[in-house]
1. Amide H of ILE79 versus every other amide H placed in the peptide plane: which residues, excluding those fewer than 5 positions away on the same chain, fall under 5 Å?
2. Normalised by the residues of the chain, what does the relative contact order come to in percent, with Cα pairs under 8 Å and at least six apart?
3. To the nearest 0.05, how large is the calculated FRET efficiency for ASP19 and SER96 if R₀ is 22 Å and r is the Cβ-Cβ distance?
4. To the nearest 10 degrees, how steep is helix 45-54 against the longest Cα principal axis of the chain, on a 0 to 90 scale?
5. Between the helical axis of 97-110 and the dominant principal axis of the chain, each derived from Cα atoms, what acute angle in degrees is found, rounded to the nearest 10?
6. Compute and list, largest first, the equivalent-ellipsoid semi-axes of the chain from the alpha carbon gyration tensor, each √(5λ) rounded to a whole angstrom.
7. I'd like to know how the stretch 2-58 sits against the 2.2 N^0.38 Å rule of thumb: what's its Cα Rg over that expected value?
8. Apply the Kirkwood formula to the stretch 82-126: the hydrodynamic radius equals the inverse of the mean of 1/r over all pairs of different alpha-carbon atoms; give it in Å with one decimal.
Amino acid sequence: MITKKIISELEDISAIHDDDGSAAGDVLRSLSGLSILETTPRSSGEEELIEVALQDRCDFIVSDDIRAIPKLKRANLPIIFSSHLLYYIYREGIISKVEGLVALEKMRTRRSWKENIIYIAGMQLFK
């Protein structure tokens, strides 16, 4: 499932000609199987995410926005980082451990994570 605000944010990102823009374009091209949820218009994707979560439509929330976590906790659902999602994709056999670790390193470099909690959490999972 996805919301209109998230689709709009992905469209904005995909307009930029870099790796993130390319990835956003890939996501937009793969939306055919997803339900578009109707939500109250919000100022950010995180706020829409909270609304969806509060409607009990999600098992967990994925966000790398450390500053948004206090807000996201209002949904009273587990919050995981993208590095956790990457690990779960590996555990499901969709990618290999090496592919997962390479992707994690690329995320670290592109997002200037250095030794932040998102990267550390991902490395701990892959150990």
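Bear in mind these aren't lab numbers, they're just calculated from the coordinates by the rules spelled out. This is a predicted model, so every value here is computed, not measured. All Cβ positions, glycine included, derive from the backbone under ideal geometry; neighbour counts span all protein chains shown.
1. ILE61
2. About 17 percent, as a whole number.
3. With a Förster radius of 22 Å, E is 0.60.
4. The answer is roughly 80 degrees.
5. Taking Cα atoms only, the helix is inclined about 70 degrees.
6. Over the Cα atoms of the chain, the semi-axes work out to 24, 18, 15 Å.
7. Against the empirical 2.2 N^0.38 Å value, I get 1.17 for the stretch 2-58.
8. 10.2 Å
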